[in-house]
Amino acid sequence: MKIFLDTANFEEISDKYVTGLIDGVTTNPTLIKKSGKDPYQVIKSISESFSEFESISAEVVSNTCEGMVEQAQPYLQLDNVTIKVPCTVEGLKACRQLRSIGATVNVTLIFSASQAVLAAKAGATYVSPFVGRLTDNGFDGLELIKSIRMIYDNCYDTSVPQILAASVRSPEVVALCYREGADIVTIPSSIFDKMYESVLTREGLDIFQKDWDSINV
């Protein structure tokens with residue numbers, strides 16, 4: 001059970017890193033744009049500062065296999081960086097090429113179990129089903145997680161990808177993704193913070209504090 005942060009903000013990562021509960025980071029062009037910095041420098045800075053992380057994703061944006069592989073080259077020199085490619089014909093071709101030279105690859109924008117099958121065949125290290133976006137479009141994002149888990153568990157091949165649930169929008173859905181078989185959930189910092197919250201926890205702490213104060217007057 002692993003938690004990745006879905007952000008390219010260095011300060012956010014640093015703040016959550018000290019909890020010891022974060023295992024990696026996912027980024028995308030939108031998050032990189034919000035940082036206002038050069039994509040390579042953003043990934044390089046995260047990689048060098050958080051070498052204990054299992055994976056730091058760097059997404060390529062070309063429409064061709066050759067372009068994706070070319071864009072990936074600078075990132076391959078960095079430790080613990082995963083190349084993120086889309087689940088398209090060209091993306092899966094790039095996945096195979098990158099895996100053949102030892103790169104780790106996250107196949108993203110997964111919206112069906114059949115896409116997850118193709119990503120596994122292409123040698124993906126991670127597959128990223130978009131739970132929230134699928135649900136927004138009238139489908140059951142959690143059922144997709146469950147279907148992928150069942151398919152992978154029924155495979156004799158032990159090298160199936162890890163299921164990295166993305167587009168997760170509440171703490172409740174985080175827990176449900178794990179229940180349905182996700183290996184990893186990637187979430188923004190705001191959702192991570194909300195995972196701590198419970199009115200009953202706060203009420204319990206208030207009671208304990210009052211009782212403690214009453215016997216230490």
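Every number here is computed from the coordinates shown, using simple stated rules; none is lab data. This is a predicted model, so every value here is computed, not measured. All Cβ positions, even for glycine, are placed from backbone atoms using ideal geometry, and neighbour counts span all protein chains on display.
General remarks:
- Neighbour-count ranking [beta-carbon atoms within 10 angstrom, fewest first] of SER170, SER128: SER170, SER128
- Under 5 Å, built H, 5+ apart or other chain: amide partners of THR26: LEU5, ASP6, THR7, SER57
- Per-residue Karplus couplings for the range 48-59, computed as 6.51 cos²θ - 1.76 cosθ + 1.60 with θ equal to phi - 60°, are listed in order as 6, 8, 10, 5, 6, 5, 5, 7, 10, 7, 10, 8 Hz, Gly and Pro entered as x.
- Under the convention that each Lys and Arg Cβ holds +1 and each Asp and Glu Cβ holds -1, the size of the dipole of the chain around its Cα centre is about 640 debye.
- Residue-wise HN-Hα coupling along the range 96-106, computed from phi with Karplus coefficients 6.51, -1.76, 1.60 (Hz; x: Gly, Pro): 4, 5, 5, 5, 5, 9, x, 6, 8, 9, 10
- Along each principal axis, Cα extent of the range 27-68, largest first, Å: 32, 23, 13
- Solution diffusion estimate, µm²/s, Stokes-Einstein, the range 105-184, Kirkwood Rh from C-alpha pairs, 20 °C, viscosity 1.002 mPa s: 176 µm²/s
- Calculated from backbone phi, Karplus (6.51, -1.76, 1.60) coupling profile of the range 169-175 in Hz, x at Gly/Pro: 10, 7, x, 4, 6, 4, 4
- The chain: calculated mean residue ellipticity at 222 nm from DSSP helix runs of at least 4, using -39500 (n - 2.57): -14000 deg cm²/dmol
- Residue exposure sequence - MET195, MET68, MET150 - by fewest surrounding Cβ within 10 Å: MET150, MET195, MET68
- Going by neighbour counts of Cβ atoms within 10 Å, the residues ILE3, ILE151 line up, fewest first, as ILE151, ILE3.
- For ILE110, the residues whose amide H sits under 5 Å from its own are SER128, PHE130, ignoring neighbours fewer than 5 places away on the same chain, with H placed 1.01 Å from N.
- Using only the C-alpha atoms, the convex hull of the chain corresponds to 148 Å³ per residue.
- Sites listed here are trypsin sites (Lys or Arg not before Pro) in the range 1-91 whose DSSP assignment is loop and whose Cβ has at most 16 other Cβ atoms within 10 Å: LYS37.
- Listed by chain and number, the lysines whose C-alpha is less than 20 Å from the C-alpha of LYS146, apart from same-chain residues fewer than 8 away, are LYS2, LYS121.
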